[in-house]
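Inspection log for the structure reproduced underneath, given as structure tokens.
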Amino acid sequence: MGRELGTKQPVSLFDVNNLNPDNVEGLLSDFEFKNKQVEYVMYGKNISGANYAAALLELIMIRLVCNAISGVFDKSVQRMFKLNWLVGLAALVAYTIVETVMDIEILTKANDIERGDVSVPFLKIEIGSLSIKNLKLSYRDHLRLMLLFDRTEQYARGLAVIEQVSGQKGIGRKPTQIKIINRAKIKPWFLPNAIKTFTNLNSTLINGELELSSELYYSY
């Protein structure tokens, strides 16, 4: 399929417009299945809002862990630890909570496309000239990360969503095969037969260059 499953319009916990009675229709559309397909694949709850709530809870836990790690490297928190370890621990907890609240506020901004202003640094760490703050993740990026976690029947739910979106039934029962061909050309500075001796790559001498190729197959 040439499209992503629906993940748009995260519902902000801090947007006062969500409390406006005139905005009820727009708020309910945020919880529609078409906008929460990935969350359904992950959790499989019958109510889209419940899937989003579960994803949000997991997102909060991830940000708490990331911000706790970042807090250890924060200079202001380190100064508090130098005064007293209890003061430092309190400063670390406060830093983690405040940063997490700010992250969730940014990540749950309603957006149809991924923009820079709805992304947060994965880790907010600066060590000398090394900065990891440039690695930023949006709400969708966090979902992609959470999809890597092992979940019961996630594969089956994914197939069910694909079938509904595509309108094709029985996709999970149809054999699918992927063929990958890798090719590279190098100068034959050493004996071409050494390639065949030490690797499983196919090699052919073409116009003075050694072309290496390999084929990989994946099926499900």
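Tabulated data
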{"quantity": "Asn17 being under 18 Å from the mean Cα position of the chain (by Cα), modelled with pLDDT under 90, over 17 Å from Leu145 (Cβ atoms) and not β-branched (Val, Ile, Thr)", "calculated": "no"}
{"quantity": "Qualifying residue in the stretch 156-168 (condition: at pLDDT 75 or above, touching a strand residue (DSSP E or B) at 6+ places or on another chain (Cβ under 7 Å), closer than 29 Å to Ala54 by Cβ and open to solvent by 90 Å² or more (accessible area, probe 1.4 Å))", "calculated": "no"}
{"quantity": "Of the criteria (1) touching a Gly at 6+ places or on another chain (Cβ under 6 Å); (2) modelled with pLDDT under 95, which one Thr96 fails", "calculated": "(2)"}
{"quantity": "Residues (without any contact (Cβ under 8 Å) to a residue 60 or more places away in the chain and open to solvent by 40 Å² or more (accessible area, probe 1.4 Å)) located in the stretch 39-73", "calculated": "Lys45, Asn46, Ile47, Ala53, Leu57, Ile60, Met61, Leu64, Val65, Ile69, Val72, Phe73"}
{"quantity": "Enumerated helices (runs of 4 or more DSSP H) restricted to the stretch 60-161, each holding at least 3 residues that are within 28 Å of Tyr43 (Cα to Cα) and of a type outside the set (Asp, Glu)", "calculated": "85-107, 139-146"}
{"quantity": "Lone unmet requirement of (1) at pLDDT below 75; (2) not in a loop (DSSP other than H, G, I, E, B) for Leu191", "calculated": "(2)"}
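The values are calculated or read from the model by the stated rules, or taken from the named source; none is laboratory data. Small disclaimer: the values here were computed from a predicted structure and weren't measured. We place every Cβ from the backbone using ideal geometry, glycine too, and count neighbours over all the protein chains shown. Just the protein is used for accessible areas: all its heavy atoms, side chains included, with ligands, DNA and RNA removed. Shrake-Rupley method; radii C 1.70, N 1.55, O 1.52, S 1.80 Å.
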